[in-house]
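The values are calculated or read from the model by the stated rules, or taken from the named source; none is laboratory data. Here the structure is a predicted model, which is why all the values come from computation and not from measurement. Methodologically, a virtual Cβ is constructed for each residue, glycine included, from the backbone with ideal geometry; neighbour enumeration extends over all protein chains shown.
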Amino acid sequence: MCLVWNEFARQFGRREGEAALAAFFAILRALQEHARRRLHHHQPACPCLGADELWLVCLVGSCQRGDASRARFLAEWMVSPDGIGDLLQGGSRLGRSMLGRNLALPCRNHENGAVGAAPLTIH
């Protein structure tokens, strides 16, 4: 927990970090309570992303860009109907906090191929 808080405080500052961390915990709570299946994740130091982690990044990025239909599709894929609102709300709050610090997530879709982005390793 201290590692997570320290990183949020470093990226956002203390006050904004608390709001961003609360949004992150709302996302985790929605996933924990309403996930459609067992989700997989890597340890913080792992340079790779799993499919579930990538979908979550895409969800927050969609919320940042105001792409409600894509964000909802991703939320519906990840959680049961009872958790969709909570997941979208947490993703929107975290996305706004990130934008407030110029931390915009790139659009990752088949049309743009994430041109100019660093290579991503998924396993």
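Which members of the range 72-89 meet the condition of being of a type in the set (S, T, N, Q) and part of a helix (DSSP H, G or I)? It would help to see each step written out before you state the result.
Looking only at the range 72-89, we keep the residues that are of a type in the set (S, T, N, Q), and these are 80, 89.
The one that is of a type in the set (S, T, N, Q) and part of a helix (DSSP H, G or I): Q89.
Taking the residues in the range 44-59 that are touching a residue at least 12 places away in the same chain (Cβ under 8 Å) and more than 22 Å from R96 (Cα to Cα) as candidates, determine which candidate is surrounded by the most Cβ atoms within 10 Å (Cβ to Cβ).
L49
Please go through (1) surrounded by fewer than 12 Cβ atoms within 10 Å (Cβ to Cβ); (2) modelled with pLDDT of 90 or more; (3) touching a strand residue (DSSP E or B) at 6+ places or on another chain (Cβ under 8 Å); (4) small (G, A, S) for A35 and return the number of the only condition it doesn't satisfy.
A35 satisfies every listed condition except (1).
If the requirement is being loosely packed, with under 13 Cβ neighbours inside 10 Å and either in contact with a helix residue (DSSP H, G or I) (Cβ under 6 Å, 6 or more places away or on another chain) or assigned to a helix (DSSP H, G or I) (or both), which of these qualifies: S69, S62?
Matching residue, one of S69, S62: S69.
Is one or more of the residues making up the range 15-32 in contact (Cβ under 8 Å) with a residue 60 or more places away in the chain, in contact with a strand residue (DSSP E or B) (Cβ under 7 Å, 6 or more places away or on another chain) and not β-branched (V, I, T)?
Checked the range 15-32: at least one residue is in contact (Cβ under 8 Å) with a residue 60 or more places away in the chain, in contact with a strand residue (DSSP E or B) (Cβ under 7 Å, 6 or more places away or on another chain) and not β-branched (V, I, T).
Does any residue of the range 89-96 turn out to be closer than 22 Å to R37 by Cα and of a type in the set (D, E, K, R)? Can you show your working first?
From the range 89-96, those closer than 22 Å to R37 by Cα are 89-91; that's our starting set.
Narrowing further to those that are of a type in the set (D, E, K, R): none.
No - not one qualifying residue is present in the range 89-96.
Scan the range 13-57 for residues that are within 14 Å of L74 (Cα to Cα) and assigned to a helix (DSSP H, G or I) and jot them down.
I27, A30, L31, H34, A51, D52, E53, L54, W55, L56, V57 - these are the residues of the range 13-57 that are within 14 Å of L74 (Cα to Cα) and assigned to a helix (DSSP H, G or I).
Please determine whether any residue of the range 72-86 is surrounded by 15 or more Cβ atoms within 10 Å (Cβ to Cβ), at pLDDT 95 or above and hydroxyl-bearing (S, T, Y).
Scanning the range 72-86, I find no residue that is surrounded by 15 or more Cβ atoms within 10 Å (Cβ to Cβ), at pLDDT 95 or above and hydroxyl-bearing (S, T, Y), so the answer is no.
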